[in-house]
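The values are calculated or read from the model by the stated rules, or taken from the named source; none is laboratory data. Remember, it's a predicted structure, so these values are computed and weren't measured experimentally. Ideal geometry is used to build each Cβ from the backbone, glycine not excepted, and the neighbour counts take in all protein chains shown. The protein model used for the area step is the full one, side chains on, heavy atoms only, and it has no ligands, DNA or RNA in it. Shrake-Rupley method; radii C 1.70, N 1.55, O 1.52, S 1.80 Å.
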Amino acid sequence: MLDYAWLMLVFPALGALIISLFGTRLGRRVVGFLAPAMVFLSFAVAVALAIQLFSLPHEEQSHSVLLWQWMAAGNFSVDAGLLIDPLSIVMALVVTGVGFLIHVYSTGYMHDDPRFPRFFAYLNLFILMMLTLVLADNYLLMFVGWEGVGLASYLLIGFWFEKPSAADAGKKAFIVNRIGDFGLLLAIMVIWTGLGSLRFTEVFEAAPEVWGVGNIAVMTATMLMLLAATGKSAQIPLYVWLPDAMEGPTPVSALIHAATMVTAGVYMIARSAPLFDLAPTTGNWVAWIGVATALIAGTIALTQTDMKRILAYSTVSQLGFMFVAVGVGAYAAGIFHLITHAFFKALLFLGAGSVMHGLHGELDIRKMGNLRAKMPITHWTFFIGAGALAGVPLLSGFFSKDAILYNAFNYSIPLWAIGAVTAFITAVYSFRMVFMAFWGKERDAKLWSHAHESPRVMTIPLILLAVGALLTGYLGLPSLSLIDPALEPAFEAAAGASEGHANLTLELILLVVSGLIALAGVFLAYRAFLVNKDLPARVRAALGPVTKLVDNKYYVDELYNMIIVNPLRSFGGWLAATFDKGGIDGAVNGLAGVTGWLGTQVRRLQTGMVGLYALAMLFGAVALLAWLAIR
Amino acid sequence: MVPTSYFLVLSAVLFVIGALGVLLRRNVLIIFMSVEMMLNAVNLTFAALAYHFLQIHGQIFVLMVMVVAAAEVAVGLAIVMSVIRHKDTTNIEDVNLLKG
Amino acid sequence: MVLFVVFALIAIVAAVGVIISRRPIYSALFLLLNFASLAALYIMLQAQFLAAVQVIVYGGAIVVLFLFVVMLLGGGELNDIRDTNRPFLQRFGWQRFVAVGLGVLMVAGLGYGLVTGELSAVQGDPAAFGQGSVQAIGSVLYTDYLLPFELASVLLLVGMIGAVVLARPPE
C-alpha cells in the first residue's frame, strides 16, 4: 500500500492537465466538481497511507518509493522517489486536507470569475507541486517542488493580472523567492560535493561521519538553506513579498500564503534536522531570525487596517514562531504549530474572504462593524480562528504556541521573553480585527445594509476548518502529545537532544503564563477597541515617531528600493544603453554585416551554368585521383 | 586471356569521353547520352572486377545501376521534355534557374 | 585479345561519335553502337546475363526512349545549332580547354595507376561465380539482395509515375 504513494501526485496532476487543456469546454460545473474531487482523492490516499504508516512499528516508519531513475551522469545520479515517513505524511495530510476545503470554498468564491477553469488548473498544479515538495526523497526533487510552488504562487498572486498592483506583486514574490531558491540550489551543491548523494536518508547517514558537528561545510549548507527558508517562508530579510501577495484571490492567500507553501521553509528545516543538529550556530540564527520576524511583523500587524494585510503580517509573525521552534531544535513543536496554524490561518483568510464577498470587496476594518448580526457563521468561525491565533486557552494555537515557547525557554530566556511579548501582540491584533469588524456599531451604514452571509459552499469549509482549529491542538497536549512520538522517527537525533529533559512543572507554569498573556491581550483589545475607543489614538500620539515608523512598516520596502532595486535598475539602464547598444549590438550587427558581404561575394560563383558546375566536379575528381596517386 | 587492367583502362577512357561530352556539348539530349555512357563505363569496371575476383556481387551491382539508369532516363527525359516545352530550347546555357 | 581490341575500338569510336555528332539522332545511333560493343565485352567477361540485359535495357529501352524524344521534338531541327553560332570560344573557351585538359589528365592518371599497379590476385569461388549465368545471378539476387531487388522495383514504379507527371502537358 505504501508503494502507491505516487497516486497522491497523480490525481492533482491529472486535474491540472485536464482542466488546463479542456477547462473552458467542460464548463464551470464540471471544473468546479473535478478540481476539488482530485484533491479529495489525494487526501483519501494520504489518509490511507497515514493509517498504514502509523500502524507500523516505529523503526519501520520510513518508507522509500522509487519511481524511476531521474538522471544519471557519471557518478551523479538522482532517482525520482518518494519518502513516506511521519513528517511527510503529516504534511501531505495538511496540504490535501486544507487544500480540499479551500478548493470547495473557491468554487463559491470564484464563481463569477471569467477565468474560473484557469484558477482551478493553477490550484491543482499548486497541490501537485506542494506534494512533490513534501514527499520527495531527495533534495533535487524537493527543489523541483520548491520551484513549482513558487511558480504556482506567482501565477495565482498575479491571477488578476489586469490590476497592475497584482501583476507587480506576483513579480515581487517571484523575484524575492528567487533569492532564496538560489540559496537552496547552492546548498544542494554543497551537499552533493560534500556527501556524494542527495537522498535524505543517505545524506543524513553520511553527514555526521563526513562532516561532524560545526564543520564549515555543514554550516555553509545550513546557512544557505536558511536563506532559502527565509525566502519561501517570508522571514527577515526576505519577508517583503508576502504582504503584497495579498493581491491574489483570497483562497490563494489562505492556501498558499498561510497554510501550505510558506511553511515549506519550516518543513525543509525540519526535514534537514540531522544537518541542522550538526550546525548549532545556524540553529541559533534560525531561532533569532524567527523571533525578530515574529516581533516586527506582529507590530506591523497592529497598525494595519486592511484585513488581509493584517493576516499576512500575522502569518509572517507565526512563521517566525515556527522558525524559533525548529531553530531551537524542537522540530516536532514547529511542525505542530505548522499544522494548527494551517487550520486557523486558512480559516481566518477564508473568513476574510467571506467578509469581502459579503461586502463587495471591502477589506478596510475601519469601515466594518457589527458584522456579526449579518454574518453569523463567518463571525463565529472567525472568532474561533482569532482565538486560536491569539492563543486563547484550550484552542489549538494555545497548545502549539506554548510548546514553542516552552522549548524557547529551555533554550534561552530572552528568546522566550520576546516570544511572549509577541504572543501578547498577536492576541491584541487578532482581536482588534474581531472587535472592529464584527462587534460594536456599524461604521458605514450603507455598506452594512448590503452585507450578507456567504453561500453554503463557502461557509461549510469555514465550519470544518473551525472544528480543525478547535481540535488539532489536542493532538499535542503537553506530555500527552500524540505529535511528538508520531514524528519521532523523523527526528530521531533531535528528540533526544532537546526534549529529553521534559520538565512537566515548568511546562505547566509556562502554559498558564502564556494563557494569561493571551487573555490579557484579548482584554486589552476589548478595552481599546470596544469600550475606550480613544485609547488607541492616544497611544499612537504618545508614541509619535514610533507610530509613524510602524505605520510605514519600518520603511523596509523603501530601504530595499534604495539600496538594491534602484542601483540595480540604473546599472541595468546603463547596460542597456551603453553596453548592449554599443557593444553587443555592434558586434552582432558587425557579424551580420560581414556575413552578408561574404554572401554577396560568394554569390557570384553561382552562375547557373550547369556546365561550370560539372567542370568543378571533374576538377574535384581529378584532384582526388591525384591525391590517391601521390599518396 | 585479356588482362583485367585493359578493361579498366578502356572503361576509364570511355568515362572521360562521356565526361567531356557533358562538359563540351550544350545540347541537353547529348549531355544526357554522355551521362549514360559514363554509367556504362563504370558498369564495365564492375563487370571486369567481378570476373577478376570471381565475385558475382559485382554483376549484381551492375544490374542495380541499370535499374537506376532506366528510372533516371525516364524521369530525366520527362524533365527535358517539360523544359523544352517551357523554354523552347535544348541549350543548357539557357536554363540557368540556379543562378545566384 | 583480338576480339577485345576490336570491340574496344568500336566502343571508343562510337563514344567519340556520340559527343561530336551535330545531330542528336546520330548521337543516339552512336550510343546504340557503344552499348552493343559493351555487351560484347560483357560476354568476354563471363557475364552473359549482363550482356543480355545490356542489350535489352540499354539498347532496347533507353536508346529507343532517346530516339522517341528526338523524334517528338522534331528530329533534325533540334541539333546543336546554337553551338556553332555562338562565339563560345570567346565566352567559354577556357572552360573547354580546361575540360579537355582535365580529361587527359584523368585518363593519364587512371592509366598510369592501372598499368603500374598490381591488382591483387585474390580469387573468389569459381563455382559460385558460375560463368556469370542467369542461375548464379538469380540465386544471389533472390537471397542476399532480396531487399535491394524489391526496392529497385519501387524505384522503377516511382520513376514511371514521375515521368508521367512531368511529361503531362500543362493544364
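Remark on A:S233: its backbone amide H falls under 5 Å from those of A:G265, a criterion applied only to residues 5 or more positions apart or on other chains, H modelled at 1.01 Å from N. Using Cα atoms only, what is the angle between the long axis of helix A:86-109 and the major principal axis of chain A, expressed in degrees (0 to 90) to the nearest 10? So the helix axis and the longest Cα principal axis differ by about 80 degrees.
Each Cα pair under 8 Å and six or more residues apart adds its sequence gap; the mean of these over the residue count of region A:118-226 is a relative contact order of 22 percent.
With q set to 0.26 Å⁻¹, the log10 of I(q)/I(0) for region C:1-77, from the Debye formula over equal scatterers at the Cα positions, is -1.13. Taken residue by residue and averaged, Cβ atoms of other chains lying within 10 Å of the Cβ of B:85-91 number 3. Ligands, DNA and RNA left out, the accessible area of the protein assembly as shown computed with a 1.4 Å probe is 71% carbon and sulfur. Calculate the length of the line joining the C-alpha centroid of region A:505-558 to that of region A:231-246, in whole Å. The two parts, judged by their Cα centres, are 22 Å apart. In this structure, the pairs whose alpha-carbon distance is over 26 Å, taken from A:K401/A:K548; A:K345/A:K367; A:K374/A:K553; A:K171/A:K548; A:K345/A:K553; A:K172/A:K374, are A:K401/A:K548; A:K374/A:K553; A:K171/A:K548; A:K172/A:K374. About the centre of its Cα atoms, the protein assembly as shown shows a dipole size close to 3000 debye [charges on the beta carbon of Lys, Arg (+1) and Asp, Glu (-1) only; nearest 20 debye]. Computed on region C:1-77, with alpha-carbon pairs under 8 angstrom and 6+ residues apart, the relative contact order is 30 percent. Shown is the FRET efficiency for A:N75 and A:M1, computed with R0 = 35 Å from the Cβ-Cβ distance and rounded to the nearest 0.05: 0.55.
Charging the Cβ of each Asp and Glu at -1 and of each Lys and Arg at +1, and nothing else, the dipole of region A:323-459 about its Cα centre rounds to 280 debye.
In order along region A:116-124, the phi-based Karplus estimate (6.51 cos²θ - 1.76 cosθ + 1.60, θ = phi - 60°) of 3J(HN,Hα) comes to 3, x, 4, 4, 6, 4, 5, 4, 5 Hz; Gly and Pro are listed as x.
Label zone (C:S139, point 7 Å along Cα-to-C-beta; backbone nitrogen cut-off 18 Å) within region B:13-51: B:51. Once the chain from A:L549 to A:F571 is taken as fully extended at 0.36 nm per residue, the excess over their C-alpha distance is 4.9 nm. Based on a Kirkwood Rh over C-alpha pairs, give the Stokes-Einstein translational diffusion coefficient of region B:4-94 at 10 °C and viscosity 1.306 mPa s in µm²/s. D = 111 µm²/s. A simple spin-label model places pseudo-atoms 7 Å from Cα toward Cβ; at A:A445 and A:R538 they are separated by 3.0 nm.
By how many degrees, 0 to 90 and rounded to 10, does the Cα axis of helix A:504-526 deviate from the longest principal axis of chain A? Once rounded, one gets 80 degrees. Region A:440-456 and region A:145-209 have Cα centres spaced 41 Å apart.
Helix A:164-195 against the longest principal axis of chain A: what's the angle in degrees, Cα atoms only, rounded to the nearest 10? Roughly 70 degrees between the two axes. Using a Gaussian network model of chain B in which every pair of alpha carbons under 10 angstrom is joined by a spring, one finds that among B:S82, B:S11, B:S34 the greatest mean-square fluctuation is at B:S82.
Taking 7 Å steps out from each Cα toward its Cβ at A:R366 and B:V68 produces label points 8.9 nm apart.
Here the contact order of chain A, divided by its residue count and restricted to Cα pairs under 8 Å and six or more residues apart, works out to 12 percent.
Using the Cα coordinates of the protein assembly as shown, the gyration tensor eigenvalues translate into equivalent-ellipsoid semi-axes of 90, 32, 27 Å, sorted from longest to shortest. Annotation for region C:132-163 versus region A:577-617: alpha-carbon center distance of 46 Å. Distance between the 7 Å Cα→Cβ label points at A:E59 and C:V115: 9.4 nm.
Computed from phi, the 3J(HN,Hα) profile of region A:32-38 under the Karplus parametrisation 6.51, -1.76, 1.60 (θ = phi - 60°) reads x, 8, 4, 4, x, 4, 4 Hz, with x in place of Gly and Pro.
Using a Förster radius of 30 Å, what is the FRET efficiency between B:D88 and A:A623 based on their Cβ-Cβ separation? Nearest 0.05, please. Taking R0 as 30 Å, the efficiency between B:D88 and A:A623 is 0.20.
Mind giving me the FRET efficiency for C:L151 and A:L612? R0 is 35 Å, r the Cβ-Cβ distance, nearest 0.05 is fine. According to the calculation, E is roughly 0.55.
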